[in-house]
Amino acid sequence: MSPASIIKFTNSPSLDELSKAIKSVIEDGANGILLLTCINNAYDAKKINGMLVACSLPLCGGIFPKIIYQGKNYTQGAIVIGLMIEPEIVNYSMINKSDPDLKHYIHTKSEKIESYQDFIIISDALCSKSENFIDHFYDFMGSGVTTIGGGAGSLDDANNPVIFTNQGLVRGITQVIALPCPINNSIGHGWELLDGPYLVTSSEGHFVYSLNYKPTFDIYKEIIQSRSSTPLCADFFDTFAKNHPLGIISLDGEILVRDPIQTNGSYLECVGNVPVNSMVYLLQSSQEKMIDASKEVAQNLLQQGPLNTLLLFDCISRDFFMGDSINDELEAIQHPFPNTCLVGAMAIGEIANTPCGSIRLLNKSTVLGSF
Amino acid sequence: MNTAMHIMSIQHQLVLAIGKDSDLKKMLHQFLRLCCLSLNSTNCHVFLVQDKNKNPVHQKSKDSSVKLGHYLSFPMKKHGLLASHNQPLANIVNAFFTDNLVIDVIEYESSLYHLFKIGDFGVLAIERKQQLGEAIRNALTPVLKKLATSSIASINHRSLVLEIKTRKQIEEKISYQASHDFLTGLFNRMEMQQRIAKAIDNCAQQANTGAILLINLDKFKNINDVMGYHVGDKVLRQVANRLRNTVRNLATVARFDGHEFIVLLKGLPVNPLEIKSIINGVIADIVFAIEIPLELSEGRFSVSCFIGYEVFNDTNKSVQDVLKNASIAMYEAFKKGKNKALAYNSNMSVQLNEHITYTQEIKQALKNNNFELHYQPQYDHLKNIVGAEALLRWNNPLRGYESPGIYIPIAEESDLIIQIGSYVLKQACADIKKLEQLDLPDSFKQISINISAKQLAKHNFVQTIISAVEESQISPSRLKIEITESMMMGDIELSIESLEKLHRFGVECAIDDFGTGYSSLAYLKRLPATLLKIDRYFVTDIHKDKSNTAIAGMIIELAKSLNMTVIAEGVEKKEELDCLVQLGCYHYQGYYFSHPIVFDKLQMAIKLKANKIAM
């Protein structure tokens with residue numbers, strides 16, 4: 001078991017506060033730094049880059065819509081996690097390569113983390129090739145590895161750099177932080193089947209063009225309409241999509257949630273790939289079910305053994321769904337660990353290995369890890 | 001959940017991945033990845049029958065003990081261990097394959113391996129934590145059939161691609177060999193000729209100028225002769241590399257022939273001054289690059305070169321014209337000395353044509369017996385004729401007697417010198433035979449003939465002399481051969497061996513023009529020569545020139561110490577003779593005594609001397 005991490009929190013958007021916190025964990029003997037900060041901090045690019053480049057320790061992390069500290073979420077501020085174990089950080093910048101080139105790139109780039117089995121992955125959520133990278137990374141590292149992580153970035157689609165590196169703040173990359181200690185993880189979401197199955201008859205990556213040979217949007221609207229007593233308004237999608245994601249069910253009954261984020265009136269674009277010929281369902285949930293699922297996630301992790309650092313990647317869309325009740329979920333997760341500070345981020349897409357072992361990009365889910 | 005639809009969906013997803021790519025590995029990778037995702041498996045593997053090069057084969061093996069080899073997995077590892085190194089897994093798969101089952105489920109170390117036959121040449125292993133239901137296992141049967149068919153197609157496709165690739169490689173190799181020099185990797189002559197032809201056409205179309213530089217390595221033959229061809233080849237390769245690097249991007253280089261290289265410059269300006277400036281720059285770079293000593297494991301070698309070049313800017317000149325002109329210019333540069341470069345001009349052709357015509361005339365003269373031997377008697381201090389030197393004269397029907405200084409160097413450039421030498425030898429032997437029939441005075445020793453370097457270097461040189469002597473039935477001691485110092489330096493050991501053989505046979509040897517060459521005195525001692533001839537350069541005005549007196553004196557002393565006779569050439573004055581006598585030289589040849597005379601006159605002179613002695 002690794003020694004406890006040194007955690008410094010500030011709810012200030014000030015770069016000086018961040019700088020102080022970093023200096024503090026360095027003085028306390030940290031061997032690496034994991035930063036989780038809020039997009040609303042709007043750090044000055046030049047100043048933050050100067051600070052990151054000057055940092056003498058291996059540095060990693062991301063800028064997220066919100067951060068989580070001790071069972072509460074914050075829209076501004078920063079968490080500095082001083083890692084007492086030295087992380088090995090690899091920044092994969094060329095993830096848009098074609099499959100054969102990407103495979104070769106990962107082989108070459110991953111040499112120094114090849115023997116590791118436990119990883120935190122932080123990706124730029126706006127990079128559409130992240131999921132393909134995750135597939136290839138899993139192919140290379142193999143089953144049996146443990147992974148937690150999430151997508152950093154801004155929901156307003158601004159193309160800003162969001163990943164912290166020793167070379168500065170960068171965009172469009174996936175960062176793999178290999179830890180020389182075991183990570184335990186637990187995942188859950190609380191979503192249930194509402195309607196389906198529907199055959200994905202046409203799709204490409206994130207875009208689902210047709211279900212049962214009909215435009216996806218039409219089918220989606222039909223299902224929602226059939227369950228509503230009043231006629232749907234023109235902008236029904238914005239209201240209902242956060243409540244009714246799509247789900248792909250595995251042979252063993254696990255639901256992989258795919259969050260529809262936008263439409264052109266014909267297709268739906270999801271956070272994550274939806275393969276053609278797969279079966280999808282319309283999902284539903286409630287605040288209670290989601291909180292119950294989160295409690296289960298925490299209990300599950302608790303049973304896996306002792307822990308020093310609790311790191312949570314909770315989907316930002318759960319925040320949208322739950323509103324103010326999101327803090328209930330966070331408190332529910334913190335509750336079984338009274339002596340351990342829960343830290344984390346509200347992510348745009350979560351990353352974890354599923355029970356069968358494969359590393360997947362998840363939506364509307366809770367990924368809790370400890371190390 | 002609609003299980004039937006779910007299973008169908010999985011079937012379709014998997015089938016869709018099959019045959020997506022004609023490359024077997026890519027296709028199987030895609031298939032295994034989807035297997036993992038849709039069947040919730042931890043790892044999926046394919047094992048195939050493979051040939052000795054690890055290439056998959058689909059033919060049913062007659063050998064029942066054939067083993068499947070690991071071909072591909074998704075993901076590649078489990079707990080950090082590569083699936084290809086997982087021997088227990090290979091054993092499980094091979095046991096299943098040997099048992100000739102179609103589907104099986106085997107538990108091993110908390111994993112369940114679902115094994116499916118791929119045709120009769122492979123196995124798909126799906127690793128899961130929970131067992132796949134019977135329905136899904138059965139649903140995979142048609143998928144596996146399709147996988148087998150597609151795999152066979154891919155394997156066949158790969159074989160075909162390999163065959164095409166191999167054929168293409170062979171074609172490329174043949175094409176490369178046809179256009180490149182095997183030793184240096186430069187273009188060869190044939191390719192260069194084609195490129196010159198194109199360059200000539202382009203010049204005409206684009207109104208610019210081109211040029212070719214023909215480069216010959218000076219005295220390269222010496223490296224081959226002394227160090228062997230393997231060293232010569234290394235030198236050629238290094239020179240080729242230097243040329244390539246020197247003219248990189250500016251020009252094309254080829255090995256033209258032996259130690260000749262050719263450089264093609266294209267797209268030069270039209271202005272002659274600009275052209276000259278560019279070419280001179282290239283030549284300077286080439287000469288500089290070649291002159292840098294070559295460092296080989298066999299030692300350090302220095303080579304130099306001479307260059308001839310020709311410029312072209314229209315289609316009036318053919319490839320052969322351009323090459324011929326550059327070659328003529330190169331020959332002229334050679335005559336000027338090392339590291340010389342000359343541009344072709346039409347006067348060179350005129351001179352060359354004259355040269356060729358002259359060579360033809362020499363040939364004709366040999367046929368028509370226009371050559372004669374004249375003899376310059378050699379005397380001792382008592383004015384006895386001790387011998388005579390045979391001197392070749394060409395009585396040209398049109399121009400009268402030609403100077404040997406003109407036709408001998410030309411004959412030496414070709415094998416004509418051998419034919420002339422043969423004539424001289426036979427004629428001299430015939431004349432000696434006639435002399436032997438006279439009552440020769442004891443003082444008369446022999447007739448000497450001059451031998452050329454080419455004659456001496458010929459493998460049958462000794463036998464040719466012996467045969468001539470024997471066929472003429474003369475005493476070998478009546479014939480003396482004269483060679484120069486520098487001639488022997490080509491291959492001194494061979495020269496010594498040849499001269500020793502002749503010495504044993506009875507034919508003596510004289511060293512001609514002594515003092516002007518670069519003889520090593522150590523070698524001189526080993527030569528079986530009996531006579532040293534002091535060059536006329538040291539004899540002329542010897543009585544006035546102290547340094548000549550000193551040199552001649554040294555040569556005379558040297559001859560004495562080596563027990564050799566010494567004879568002074570070119571004695572024309574009484575004062576010179578007196579001086580030579582004083583220095584201890586008692587044999588002479590020169591106008592003071594006699595000009596070269598025809599054989600009849602020689603006979604008469606000898607007879608006259610003999611009669612005087614008898615009286």
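A few comments on the model shown:
- Selected from A:Leu268, B:Ile126, B:Tyr591, residue furthest toward positive end of dipole (the protein assembly as shown; charges at beta carbon): B:Tyr591
- Computed over chain B, relative contact order equals 8 percent, with contacts defined as Cα pairs under 8 Å that lie 6+ residues apart.
- Unpaired by the 4.7 Å Cβ criterion, cysteines found in chain B: B:Cys36, B:Cys203, B:Cys305, B:Cys429, B:Cys509, B:Cys579, B:Cys585
- Exposure proxy shown here: for B:Leu160, A:Leu102, B:Leu24, the number of other Cβ atoms within 10 Å sets the order, fewest to most, as B:Leu160, A:Leu102, B:Leu24.
- Computed over the stretch B:372-614: relative contact order in percent, which uses C-alpha pairs under 8 Å that are six or more apart: 22 percent
- For the protein assembly as shown, share of DSSP beta bridges that run antiparallel, in % to the nearest 5: 75 percent
- Separation of alpha-carbon centers, the stretch B:322-360 and the stretch A:333-371, rounded to whole Å: 89 Å
- For the stretch B:228-243, Karplus couplings with θ = phi - 60° (6.51, -1.76, 1.60), whole Hz, Gly/Pro x: x, 5, 5, 6, x, 5, 5, 4, 4, 5, 5, 4, 4, 4, 5, 5
- Gain on full stretching of the segment that runs from B:Ser403 to B:Lys383 - 0.36 nm per residue minus C-alpha separation: 4.3 nm
- Here the label points at B:Gln194 and A:Asp235, each 7 Å from Cα along the C-beta direction, are separated by 7.2 nm in the simple model.
- Residue-wise HN-Hα coupling along the stretch B:155-172, computed from phi with Karplus coefficients 6.51, -1.76, 1.60 (Hz; x: Gly, Pro): 5, 4, 4, 4, 4, 5, 4, 4, 4, 5, 5, 4, 4, 5, 5, 5, 4, 5
- Whether the stretch B:372-614 is rounded, prolate or oblate, judged on the alpha carbon gyration tensor where a/c under 1.5 counts as rounded: rounded
- Among beta bridges from DSSP that stay inside the stretch B:372-614, the antiparallel ones total about 40%.
- The calculated FRET efficiency for the pair A:Glu288 and B:Lys145, based on their C-beta separation and a Förster distance of 51 Å, comes to about 0.55.
- Distance cut-off 22 Å, percentage of C-alpha pairs in the stretch A:192-284 lying past it: 17 percent
- Calculated FRET value between B:Ile492 and B:Asn271, using beta carbons and R₀ = 45 Å, to 0.05: 0.30
- Global form of the stretch B:321-384, assessed from the alpha-carbon gyration tensor, a/c cut-off 1.5: oblate
- Helix axis angle, A:99-109 relative to chain A longest principal axis, alpha carbon, degrees: 20 degrees
- As a calculated quantity, the FRET efficiency between B:Asn353 and B:Gln419 at R0 = 25 Å, using C-beta atoms, amounts to about 0.65.
- If you take the Cα centroid of the stretch A:248-315 and the Cα centroid of the stretch B:135-177, the two points sit 41 Å apart.
- Beta bridges assigned by DSSP with both partners in chain B are antiparallel in approximately 75 percent of cases.
- Prolate/oblate/rounded label for the protein assembly as shown (Cα gyration tensor, a/c 1.5): prolate
- Above-threshold pairs, the threshold being 30 Å between Cα atoms, out of A:Lys20/A:Lys97; B:Lys426/B:Lys544; B:Lys573/B:Lys609: A:Lys20/A:Lys97; B:Lys426/B:Lys544
- Length released on extending from B:Asp23 to B:Asp285, taking residue separation times 0.36 nm less the Cα-Cα span: 89.2 nm
- Note on A:Asp328 and B:Ala95: their simple-model spin labels are 5.5 nm apart, each label 7 Å out from Cα toward Cβ.
- Extended-chain gain in nm, criterion 0.36 nm per residue less alpha-carbon gap, B:Gln87 and B:Phe182: 29.4 nm
- In terms of other Cβ atoms within 10 Å, B:Tyr331, B:Tyr309, B:Tyr176 run from fewest to most in the order B:Tyr176, B:Tyr331, B:Tyr309.
- Here the simple spin-label model places points 7 Å from the Cα toward Cβ, and for B:Asp541 and B:Glu572 these points are separated by 1.1 nm.
- Helix-only CD estimate at 222 nm, as mean residue ellipticity for the protein assembly as shown, using -39500 (n - 2.57) per DSSP H run (n ≥ 4): -13000 deg cm²/dmol
- For B:Lys324, the aspartates and glutamates whose Cα comes closer than 13 Å to its Cα, not counting residues fewer than 8 places off in the same chain, are B:Glu310, B:Glu332.
- Residues B:Thr565, B:Thr209, sorted so that the one with the fewest Cβ neighbours within 10 Å comes first: B:Thr565, B:Thr209
- Across chain A, the mean sequence separation of Cα contacts (distance under 8 Å, 6 or more residues apart), normalised by length, yields a relative contact order of 21 percent.
- Under-5 Å amide H pairs with A:Gly61, H placed in peptide plane, nonlocal only: A:Leu35, A:Phe164
- Unit charges on C-beta of K, R, D, E only; dipole of the protein assembly as shown, Debye: 2180 debye
Every read-out reported here was derived from the displayed coordinates using simple, explicitly stated rules and does not represent laboratory data. Worth saying up front: this structure is predicted, and the values here are computed from it rather than measured. All Cβ positions, even for glycine, are placed from backbone atoms using ideal geometry, and neighbour counts span all protein chains on display.
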